[in-house]
Every structure is written in C-alpha cells, then in structure tokens.
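Enquirer: Got a structure for you, questions after.
We did not get these values from a lab; they are worked out from the coordinates using the rules stated. What you are looking at is a predicted structure, and each value in this text was computed from that prediction instead of being measured. Counting neighbours? That spans all protein chains shown, and the Cβs are built from the backbone with ideal geometry, glycine included.
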Amino acid sequence: MKKLTVLVTILVVLLVFMMVSFSSAKGSIQLISPLSKGEKVLGINQWFPGDVDGVDTGAPQVTAEVSLFIETNSGDVLFAKNPKRKLPIASLVKVMTVLVALEHKNMDDKFVVSQGAADMEPDKMLLVAGEKLTLRELLDGIFLISANDGAEVIAEGTTGDRQEFIKLMNDKAKQLGMKDTYFANPTGLDEDSGSSYSTAYDMVILTRYLIRRYPEVVEISSTEHIYLPQTEDHQDYDMYSGINLLTTYPGVVGFKTGYTPEAGLTLITLARKNGHEVIGILLGSGSRRDEARELLDYSFGKLK
C-alpha cells in the first residue's frame with residue numbers, strides 16, 4: 001500500500017508538471033531558464049502569424065512594395081502584399097535595438113555618450129559626448145525622433161562593444177524565427193557594405209514579441225511630446241513624435257517610422273480597436289501615412 005501511495009504521488013507530480021509545461025496558449029511567450037544571461041532571462045517566441053505563403057489579398061491597391069497587416073491575438077492575415085520579400089527596412093531596425101537593450105539592461109541604467117555616437121547623422125537627439133542618459137531617456141529619443149545617436153549609444157553601452165551588440169541582434173532574430181532578416185547596424189542607416197534587411201512577416205513577429213514582453217514600450221511609442229529637463233548628467237531635450245497617425249487615426253498607439261534613400265518610406269503601425277489589436281507593416285511605400293490609414297480601415301472592416 002505504501003508503494004502504491006508513493007507511485008500515485010509521483011504520477012500526480014508528473015501530471016502537474018506536464019500541465020504547466022503545455023499550458024501556454026498560442027501566442028504566449030514562455031521563459032526558458034537555460035537562456036538566462038546574468039539576472040536577465042531571455043524569452044522564447046512561440047507565436048507566428050497565420051500562413052502567408054502564396055497569400056496576396058489584392059485589394060486595396062497600395063504603392064508599398066511590401067505590406068502585411070495581422071490581427072495579433074488570432075494571427076489572422078488581414079492584408080498581404082509580398083509579405084516575405086526581403087527589403088531594406090531603414091529605422092525599423094531600431095525595434096530590435098530596443099529589444100536587445102531591454103533584455104540586457106534596465107530602464108534606469110545609465111549610458112555614456114561617446115564622441116562617435118554624438119557625431120551620428122542625420123536624425124538625432126543632438127547628444128553631447130560625455131553626457132549620461134538612462135535607457136528610458138534614450139528610448140524616448142528612438143521612438144519619438146528615431147535618434148541615430150541614441151541607438152549608437154545603446155549599442156556601445158549595452159555590451160561595451162558595438163559589434164558584439166550587432167551580433168546579439170542577429171542572434172535574437174534567429175531565436176525568434178526571423179528567417180529572412182539581417183542587421184548590419186543598430187540604426188538602419190544604409191551601408192555600402194550591405195544594409196539591414198527584413199520582411200514584413202519577420203517584422204510582425206519582432207514587433208508583437210517586443211510589445212508582449214515589454215508592454216511599456218507601447219507607452220513610449222504612443223507619446224506625442226516629451227521634455228527631458230536638464231540634469232547634472234545631461235542637457236535638456238524637447239522631442240515631438242514623427243508618427244502622424246497618433247493624432248489622426250483613432251486607435252493607433254504607435255509604433256515606428258523609418259526612411260533612408262535605399263529603403264524609402266517604411267512603417268510599423270500598432271492599432272487597438274473594438275477588442276482587436278492590429279500590427280501593420282509597410283516597406284517601400286510612396287505614402288505610408290495615407291496607405292496605413294487605408295489599410296487600417298480595410299483591416300478593422302474585416303474584423304467587424
């Protein structure tokens with residue numbers, strides 16, 4: 001009888017362990033301890049959009065070379081145009097820069113501005129070499145004005161080595177299942193040796209993962225204006241968001257714009273309405289604001 005009791009106890013423990021291990025619903029993020037780094041635990045992506053192979057929803061017609069709009073709770077494809085075509089993505093690269101930084105640093109950690117970072121062009125906070133800013137302050141600059149100097153400061157300060165940071169960006173892309181993505185730098189600026197590239201499909205994966213794991217970045221990206229007062233560590237900074245849809249399209253709560261001569265206009269938009277959440281990607285768009293508005297109307301219309 002004693003042996004039977006022990007056996008039953010073991011079986012119950014095993015059953016509970018199995019239930020916990022498999023209880024994650026589709027789209028959740030499970031943390032796996034072997035991927036810990038210091039006190040930070042790196043997340044595993046378990047969510048992917050619905051099947052987009054061969055999908056081209058056709059209407060409406062847009063100039064963007066690549067587009068994908070997804071309902072993120074279900075993974076349903078709402079609109080697709082060449083969703084797995086690889087293209088340069090400009091400053092959308094900074095979404096991965098933000099993710100890698102958050103997985104290795106805390107919001108109140110301070111970063112020192114190098115002369116090289118201060119010299120970055122063109123979009124910048126106008127950081128001064130020797131200043132110290134927190135990660136949160138640098139993220140304000142990245143999301144509101146797409147600050148290249150801020151992204152460089154993060155890349156240099158997170159690991160102490162810019163190239164190591166870029167390696168972490170590419171390693172994270174592989175870990176998330178972003179099979180058609182390459183990061184050449186932390187800013188998204190064009191490079192003669194080869195620019196960063198991705199697909200709309202991969203960028204949906206990255207964006208959803210980031211906002212689920214670090215929902216505070218949605219608040220940052222939805223900020224229309226922020227003033228950072230002068231401190232003993234840095235001068236004051238006054239920044240306004242470049243995301244026009246924040247004030248012109250009800251339900252839009254961020255997320256990231258981009259432009260380079262090679263990539264053209266790029267956009268990640270995040271909108272929440274009537275219990276639905278939609279992430280939309282536009283690459284190589286002739287008019288990202290108007291096309292995003294049209295595709296959001298189309299997407300939410302399909303969700304009624």
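Enquirer: With unit charges on the beta carbons (Lys and Arg positive, Asp and Glu negative) and the dipole taken about the Cα centre of region 114-258, which residue among Gly242, Thr158, Ala200 sits farthest to the positive side?
Expert: Value: Ala200.
Enquirer: Taking amide H positions as placed in the peptide plane 1.01 Å from N, state which residues far from Gly254 in sequence (5 or more) or on other chains have amide H under 5 Å from it.
Expert: Sorted by chain and number, the residues that satisfy this are Leu270.
Enquirer: Going by C-beta contacts inside 10 Å, put Met107, Met96, Met169 in order with the fewest on the left.
Expert: Ascending Cβ contact count within 10 Å gives the list Met107, Met169, Met96.
Enquirer: Which three extents, in whole angstrom, do the alpha-carbon atoms of region 52-302 cover along their principal axes, largest first?
Expert: Sorted largest first, the three principal extents are 53, 37, 31 Å.
Enquirer: Here's a follow-up. Would you mind getting me the FRET efficiency between Arg85 and Leu126? Use the beta-carbon distance for r and R0 = 30 Å, nearest 0.05.
Expert: 0.25
Enquirer: Check which residues have an amide H placed less than 5 Å from Ala147's amide H, if you skip close sequence neighbours.
Expert: Residues meeting the amide H criterion: Ile142.
Enquirer: Moving to a separate point now. Which whole-number percentage describes the relative contact order of region 168-220, with Cα contacts under 8 Å and a sequence gap of 6 or more?
Expert: Taking the mean separation of contacting Cα pairs over the length of region 168-220, I get 29 percent.
Enquirer: Right, here's the next one. Using the Karplus curve 6.51 cos²θ - 1.76 cosθ + 1.60 with θ = phi - 60°, work out ³J(HN,Hα) for each residue of region 248-263 in order, rounded to whole Hz, and write x for Gly and Pro.
Expert: Once rounded to whole Hz, the list reads 10, 10, x, x, 6, 10, x, 8, 8, 10, x, 7, 9, x, 6, 7.
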